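The values are calculated or read from the model by the stated rules, or taken from the named source; none is laboratory data. Just so it is clear, the model here is predicted, and its values are computed rather than measured. Please note: Cβ atoms are built from the backbone with ideal geometry, for glycine as well, and neighbour counts cover all protein chains shown. In case anyone asks, the SASA skips ligands and DNA or RNA and just uses the protein heavy atoms, side chains included. Shrake-Rupley method; radii C 1.70, N 1.55, O 1.52, S 1.80 Å.
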Number of protein chains: 2
Amino acid sequence: MTNTDVETSRRPRREGGGRRGGASGRNPVPQLPRRKLKRLFPPMQIVSADELESIHHASLKVLSEIGMDFTLPEARDMLKKAGATVDGERVRFDPAMIEELIASAPSEFTFHARNPENDQQIGGDAITFGTVASPPNSSDMDGGRRTGNYQDYRNFLKLAQYFNCIGFLSGYPVEPIDVHASIRHLEALRDAVLLTDKPFHAYSLGTERIRDGIEIARIGRGISHEQLEREPSLFTIINTNSPLKLDTPMLRGILEMSSRNQIVCVTPFTLAGAMAPVTVAGALVEQNAEALAGIAFTQLVRKGAPVIYGGFTSNVDMKSGAPAFGTPEYMKATIVGGQLARRYKIPFRTSNTCAANTVDAQAAYESVFSLWGLTMGGGNLIMHGAGWLEGGLVASFEKFVLDCDLIQMVGEFMQPLETTEDALGVEAIREVGPGGHFFGAQHTLARYTNAFYAPIVSDWRNNQQWLAAGKPEAWQKANAVWKQALADYQEPAIDPAVKEELNAFVEKRKSEGGAPTDF
Amino acid sequence: MTNTDVETSRRPRREGGGRRGGASGRNPVPQLPRRKLKRLFPPMQIVSADELESIHHASLKVLSEIGMDFTLPEARDMLKKAGATVDGERVRFDPAMIEELIASAPSEFTFHARNPENDQQIGGDAITFGTVASPPNSSDMDGGRRTGNYQDYRNFLKLAQYFNCIGFLSGYPVEPIDVHASIRHLEALRDAVLLTDKPFHAYSLGTERIRDGIEIARIGRGISHEQLEREPSLFTIINTNSPLKLDTPMLRGILEMSSRNQIVCVTPFTLAGAMAPVTVAGALVEQNAEALAGIAFTQLVRKGAPVIYGGFTSNVDMKSGAPAFGTPEYMKATIVGGQLARRYKIPFRTSNTCAANTVDAQAAYESVFSLWGLTMGGGNLIMHGAGWLEGGLVASFEKFVLDCDLIQMVGEFMQPLETTEDALGVEAIREVGPGGHFFGAQHTLARYTNAFYAPIVSDWRNNQQWLAAGKPEAWQKANAVWKQALADYQEPAIDPAVKEELNAFVEKRKSEGGAPTDF
């Protein structure tokens, strides 16, 4: 087996997130190295070009005839000046105005990290997965379900850094509710810079917070204000208040972020049957109207500012009103969302979701159905990639690990199939011949080390071995893995001057009282 | 809500498998009505036309240069007469001979059931899901894992009949090992006819068994020998003995089945790294060579006999040799298998698999990855659709129910998205307006009953309700469902004369000693 080293270097596979062996002294968690994923197949289309146009035109009709409420007077003034009809808070858009404004949105751009190796390409065929974001609760199988807190927040950041398949922070992986709301963004974003070197998100909760977020992103990268304006280094989710409302904190977020050329992701949360019509097509019309209005506003603030089309259409259980995720309706909405975003040549954001209460079969099948939809549908920026449980109410440590395995599998699925003459293996088949086996074939020995995906969680032992091991379920393996990952976690290197400047900024802003909490 | 009845009749959704209310007195299991699934989107292609040709040509090279062992002299004689080169058991095929023979295989045909409503279209855009087949063990969460037995066998048949999403019996859902091997096929196939009215499978384990199977299929349908020859009413799996061997019982199966115009599904079981090269492409070359040889032989036996291209390429864990299923490699092999089958214009068989030891998250994600591959890859006849666990060593009652939910979701995903003007919902959006909600909208009231897929297993209750219910996991819900399904099961009607003839045939064959057990 002299070829092992050569093969390993040809296609490196299993490596730990931390240093060799890891601080835990055990073998590192078997994970794939960091890599950029590209979709090599055409995205799936489940509505025809004509049907897509009918959704598009219905959305424009909504915006021109019904309109959308913009609660910030400054935004309304800008829109009025640009040609929109303003009546109280209601803003109506001529279809041509929407089409003209959104035309300047870039189809692709780079989302910069403080470590350039973690820069993410956004748009086109690129796909990148982020952490879960914003659950008010966290859980693990030992400690159970609890209110989100600072320690769990920091631990999720460490996992985000440790796992190579995580490209960015989608937001706070869990809300650190024990940190006062006035300074929470300062503490949380400082940790995002120090505990990870991946690109991150700041919440649009008023002018002060988003300005602080932009400044922390700039300091973290150690760059000038000018360079920051050239290189988008922060993103923010702009959730419309569905149906048809953009509220003041969100509009201020767009004003601050787009004017600085930072990334805005406009995401309506259009649950069919609740905040949107009871049909998937109707919910998509509403999603599209709201997304287009928000995107148009970003381009009014700054032509060419990076913006992402966010799709988050699912359905509710009509018996209980409970939101459902990872359903067939969710898959369809995701795929049509991608069709719409590509129609506008704007990167597409979607999510890895589930409604399950625990890390059971339901959590897994709802997540893989979500991944199916978003992978085939051409998602670019995938929020809630790892850790989302209970419809987003809980960030789960075990689900985080399980999702990393799922994301890695999706990534492996996206790799091209090798069809070289050696891969076709006719000579290996000749060597073995009828009735033989390939375990000892030269072809096998030359390739076996890295031939197949090695999962993080899956247990492939036979029944006897599995019984002897105590009948572990997937969540138990995941439980052991996140603990090892935390033990093996290594804080990424940072320029001491950057760290000092960051700490000084955070302490100064804290001493000033942080941000108002009456937003 | 006066529209409810109208809407329900417009698009009937939830109904029980048995009579209204069910024998259990509870509400029937919420399941979708019987329906024929069609794939409306183009199948996915992950290798180019050129790469596909390179796999095709490599397979032909394997068949011409290396050849394949046919252990039955009669088969070799036929092949020699048709132009193949025979050397001992080894048969080598000129590429042109293979191409010419497979050209007569039909691209689509009907698989007839004794109840014509359960006839299955095989090929083209049609997709039909069968039960799990052939595990030597069964399990449920109460009784645990046990050797396959007659009672479990019958119970699985009842579930196959009860669940509308199950189109056919893939084989024995579990091996009834407590029935003597000489008469097992007689008892098992009699039950297949009496306990279900769906089309079924007989094993190719020697001439006598497969002849008995054909006769039982004929009697069950109450038709003449001539009509049976016009209407394929039974299928058999022909597993090659990979690598590159077709053994005597399987060849006898082809001789009996193809000569009677019954359905043969040629399925190599090509585990990359074990019975096939360690590369997915190499395993596909071997799969394709073996499948082509078997398919060619069916057409030599009878030009135009219905035949299915079976793909069952997965990989092994190279550390342990354990077979892996539902992996990224499995997905790719499934999709390329579909590309190959379509190249030959032959229906494609694939499977819903997993390697998990229990009905946990792993079982679910491996299954949904399988379903993803086979749905996007254009599978037509889906074996092991419901109940497969532990790499096929176990038929699980809970997994059966879980899989029915997954199959239904795949079926829902395949339904076209309604984009009528009413579905686009602009008037509903106008009615509700910014800041409102859609729960009480006219559009919602008119559609809510059947707006969304209602799952069998998924638990969408909020955390408080879920905790109060005792924190049930998905398998616990599935456990309750299969018990209710068995309680509510209704034996399908049958013509008494048919039943009498069937019983007489089975008893006569049993009194003759059944079939030899030294095959």
Check: In nm, one decimal, shortest first: how far is the label point of A:GLU99 (7 Å from Cα along Cα to beta carbon) from the matching points in the other copies?
Finding: 5.0
Notebook entry, point to check: Which FRET efficiency, nearest 0.05, do B:GLU501 and B:GLN415 yield, Cβ-Cβ r, R0 45 Å?
Noted result: 0.65
Check: Label-to-label distances across copies for A:GLU65, with labels 7 Å out along Cα→Cβ, in nm, shortest first?
Finding: 6.8
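Tell me, in nm to one decimal, what length is gained between B:ALA96 and B:ARG35 on full extension, where the rule is 0.36 nm per residue of separation less the Cα-Cα distance? Could the numbers behind the result be given before it?
On the way: separation 61, 0.36 × 61 = 21.96 nm, distance 4.07 nm.
Result: 17.9 nm gained on full extension.
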Checklist line | Residues A:GLN465 and A:PHE439, FRET efficiency given R0 of 22 Å [Cβ-Cβ distance, rounded to 0.05] | finding: 0.70
Margin query: I need the trypsin sites (Lys or Arg not before Pro) found in region A:289-363, filtered to DSSP loop residues with at most 15 other beta carbons within 10 Å of theirs.
Written below: A:LYS303, A:LYS319, A:LYS345
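Suppose every K and R has +1 on its Cβ and every D and E has -1 on its Cβ; what is the size of the dipole of region A:405-519 about the Cα centre, in Debye to the nearest 20?
480 debye
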Item checked: Cα centroid of region A:299-357 to Cα centroid of region A:180-199, whole Å -> 27 Å
Notebook entry, point to check: Quick one: ranking B:SER54, B:SER396 by accessible area, 1.4 Å probe, largest first, what do you get?
Noted result: B:SER54, B:SER396
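Counting only protein heavy atoms and using a 1.4 Å probe, what share of the accessible area of region A:297-437 belongs to carbon plus sulfur, as a whole percent? List each step's numbers first, then the result.
Numbers: 1380 of 2690 Å².
In region A:297-437, the share of accessible area belonging to carbon and sulfur is 52 percent.
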Checklist line | Cross-link partners of A:LYS399 among lysines (Cα-Cα below 23 Å; sequence separation of 8 or more within a chain) | finding: A:LYS36, A:LYS158, A:LYS198, A:LYS471, A:LYS477, A:LYS483, B:LYS399, B:LYS471, B:LYS477
Notebook entry, point to check: Tell me which lysines have Cα within less than 28 Å of B:LYS61's Cα, excluding those fewer than 8 residues away on the same chain?
Noted result: B:LYS80, B:LYS81, B:LYS245, B:LYS303, B:LYS332, B:LYS345
Notebook entry, point to check: Based on DSSP H runs of at least 4 residues, each adding -39500 (n - 2.57), what is the mean residue ellipticity at 222 nm of chain A after dividing by all its residues, to the nearest 500 deg cm²/dmol?
Noted result: -13000 deg cm²/dmol
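In a shell of Cβ-Cβ distance under 10 Å around B:ILE429, excluding B:ILE429 itself, what net charge do Lys and Arg (+1) and Asp and Glu (-1) give?
Numbers: positive: A:LYS61, B:ARG430; negative: A:GLU65, A:GLU286, B:GLU427, B:GLU431.
Once all neighbours under 10 Å are counted, the net charge is -2.
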Note to self: Along each principal axis of its Cα atoms, how long is chain B end to end? Whole angstroms, biggest number first, please.
What the structure shows: 79, 57, 47
Check: Across all directions of projection, what mean area in square nanometres is found for the Cα convex hull of the protein assembly as shown?
Finding: 40.9 nm²
Item checked: Built amide H within the under 5 Å cut-off of A:LEU389, gap 5+ -> A:VAL394, A:SER396
Checklist line | Residue-averaged beta-carbon neighbours from other chains (10 angstrom radius) around B:352-359 | finding: 5
Check: To the nearest 0.05, what FRET efficiency results for A:GLU427 and B:THR517 with a Förster distance of 41 Å applied to their C-beta separation?
Finding: 0.50
Next item on the list: Could you check how many percent of all C-alpha pairs in region A:414-515 are farther apart than 21 Å?
Entry: 69 percent
Check: Which percent, nearest 5, of DSSP beta bridges in the protein assembly as shown are antiparallel?
Finding: 40 percent
Next item on the list: Show me A:357-364, B:114-121 ranked by packing, highest mean number of other Cβ atoms within 10 Å first.
Entry: A:357-364, B:114-121
Next item on the list: Using amide H atoms built 1.01 Å from N in the peptide plane, name the residues 5+ places from B:VAL91, or on other chains, whose amide H lies under 5 Å from its own.
Entry: B:MET68, B:ASP69, B:PHE70
Notebook entry, point to check: Within the accessible area of region A:85-161, what % is carbon and sulfur when the probe is 1.4 Å and the other protein chains stay in place?
Noted result: 42 percent
Margin query: Whole-Hz ³J(HN,Hα) for each residue in region A:226-240, computed from phi via Karplus 6.51 cos²θ - 1.76 cosθ + 1.60 with θ = phi - 60°, x for glycine and proline: what do you get?
Written below: 5, 5, 4, 5, 7, 10, x, 10, 8, 10, 9, 8, 9, 8, 5
Check: A:GLN415 label points, 7 Å along Cα→Cβ, one per copy: pairwise distances from this copy to the rest in nm, shortest first?
Finding: 3.9
Next item on the list: Please give the contour-minus-distance gain from B:ARG230 to B:ALA82: 0.36 nm per residue of separation, less the Cα-Cα distance, rounded to one decimal in nm.
Entry: 50.7 nm
Item checked: Filtered GluC sites (Glu not before Pro), region A:446-519: DSSP coil and at most 12 other beta carbons within 10 Å -> A:GLU512
Notebook entry, point to check: Considering every residue in A:489-502, what mean count of other chain Cβ atoms within 10 Å of its Cβ is obtained?
Noted result: 0
Note to self: I'd like the residues of region A:401-430 whose 1.4 Å-probe accessible area shrinks by no less than 50 Å² going from the isolated chain to the full set of protein chains.
What the structure shows: A:MET409, A:PHE413, A:LEU417, A:THR419, A:LEU424, A:VAL426, A:ILE429, A:ARG430
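For chain A, what is the relative contact order in percent, using Cα pairs closer than 8 Å and at least 6 residues apart in sequence? List each step's numbers first, then the result.
Values: 1098 pairs, mean separation 104.9, N = 519.
This gives 20 percent for chain A.
Could you work out, residue by residue across A:368-377, how many beta carbons of other chains sit within 10 Å of that residue's beta carbon, and then give the average as an integer? Present the calculation step by step, with values, prior to reporting the outcome.
Numbers: counts 12, 8, 0, 4, 9, 2, 0, 2, 5, 0.
Mean shielding by partner chains, rounded to a whole number: 4.
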Note to self: For A:PHE200, what residues show an amide H to amide H distance below 5 Å, using hydrogens built from the backbone and excluding near sequence neighbours?
What the structure shows: A:LEU169, A:PHE235
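For a protection proxy built on the mean count of beta-carbon atoms within 10 angstrom, sort A:456-463, B:304-311 highest first, please.
Numbers: A:456-463: 20.6, B:304-311: 26.9.
In decreasing order of mean packing, A:456-463, B:304-311 become B:304-311, A:456-463.
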Checklist line | Karplus (6.51, -1.76, 1.60) ³J(HN,Hα), θ = phi - 60°, over region A:275-284, in Hz, Gly and Pro reported as x | finding: 8, 8, x, 6, 9, 4, 4, x, 5, 5
Next item on the list: Specify the inter-centroid distance of region B:91-117 and region A:225-249, based on alpha-carbon positions, in whole Å.
Entry: 58 Å
Checklist line | Rounded to whole Hz, the Karplus (6.51, -1.76, 1.60) HN-Hα couplings of region B:83-89, x for glycine and proline | finding: x, 6, 9, 10, 9, x, 7
Check: For region A:164-308, what mean projected area does the convex hull of the alpha carbons give, in nm²?
Finding: 9.5 nm²
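Work through the residues other than A:HIS443 whose Cβ is under 11 Å from its Cβ and net out their charges, Lys, Arg +1 and Asp, Glu -1. Please report the intermediate quantities before stating the final value.
Values: positive: A:ARG430, A:ARG447; negative: A:ASP422, A:GLU427, A:GLU431.
Net of charged neighbours comes to -1.
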Check: Accessible area lost on pairing A with B, both sides, 1.4 Å probe, Å² to nearest 100?
Finding: 9300 Å²
Check: Probe 1.4 Å, all protein chains in place: accessible area of B:THR147 in Å², nearest 10?
Finding: 80 Å²
Next item on the list: Put one equal scatterer on each alpha carbon of region B:302-344, apply the Debye formula with no solvent term, and list log10 I(q)/I(0) at q = 0.15 1/Å to two decimals.
Entry: -0.48
Item checked: region A:297-448 - share of DSSP beta bridges that are antiparallel (%, nearest 5) -> 45 percent
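Taking the Cα centre of region B:187-253 as origin and charging only Cβ (+1 Lys, Arg; -1 Asp, Glu), how large is the dipole, in debye to the nearest 20?
140 debye
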